[in-house]
1. Each residue of region 171-179 in turn: what ³J(HN,Hα) in whole Hz from Karplus with 6.51, -1.76, 1.60 and θ = phi - 60°, glycine and Pro shown as x?
2. What order do you get for 167-176, 79-88 when each peptide is scored by the mean count of other beta carbon atoms within 10 Å, highest first?
3. Can you compute 3J(HN,Hα) from phi for each residue in region 76-90, using the Karplus curve 6.51 cos²θ - 1.76 cosθ + 1.60 with θ = phi - 60°, rounded to whole Hz and x for Gly and Pro?
4. If you average the alpha carbon positions of region 91-120 and of region 125-185, how far apart do those two centres end up, in angstrom?
5. Per 10 Å bin from zero, what fraction in whole % of the C-alpha pairs of region 87-186 is there, up to the bin with the longest pair?
6. What full-extension length gain, to one decimal in nm, is calculated for Lys106 and Asp144 as 0.36 nm per residue of separation minus the Cα-Cα distance?
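What follows is calculated from the coordinates using simple rules that are stated; it is not laboratory data. Model, not experiment: these values are computed from the prediction. Note that we place each Cβ from the backbone using ideal geometry, even for glycine, and neighbour counts take in every protein chain shown.
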Amino acid sequence: MFSTHRQLERRTGKSGTPRKVKKVQTVWNIRLEYLQQLVNEYQDTKDQEAKYQVLANLVNFSYDPINYNWLWQLNVVDLFLDTLTESDEKLKEFGLGGLCNLCLEKRNKEHIINNDGIPLIIQCLYDKNEEIILSAITTLMFLDSKENEDILSESVKKRLEHLSQFENKRLNNLVTIFLQDYFKQTNFDKTV
């Protein structure tokens, strides 16, 4: 469930009761500590299954905008970007899912763009895992693709046209939307 600071303020009142304010602050501190533990565990563990589980948890936390500041403080965007260079498909899939969740926030979007995230995400369009490809397309669309020359390159367009031939309907639909909305192909001949 999404939470906002405004919703929490509404529940506790503008200045809140001392007990409620202290309780909210305690919850926030506990959340930050927990996220820090997840990041530490991801970085320290040698157990691959544990890495998957921890990364999946971080991706789930990245879904709720209330966590964006904490995830920013803990450099989770960089952690997700680092997974895109991994050979492990699960790590790449989870990391890309996290970027997809976080990139709608302006600060995260700028960080991804300014830290060479776009070429890494474009490279994911060539992955054999269709879930990675779907997340890559969605993330590129969320990164204001209409203004980015790298995303609007001829090579990306050709790759998307190639992907439109895949049997996966979700992939076909997403590629069609991308081509129509971002490459202005109104006569794209793909029935979905």
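1. 5, 4, 5, 5, 4, 4, 4, 4, 4
2. Ranked from most to least packed, the peptides come out as 79-88, 167-176.
3. Those phi angles translate into 5, 4, 5, 4, 5, 4, 4, 5, 5, 9, 6, 7, 6, 5, 5 Hz.
4. So the separation of the two Cα centres works out to 16 Å.
5. Here the calculated profile for region 87-186 is 16, 53, 29, 2.
6. 12.6 nm
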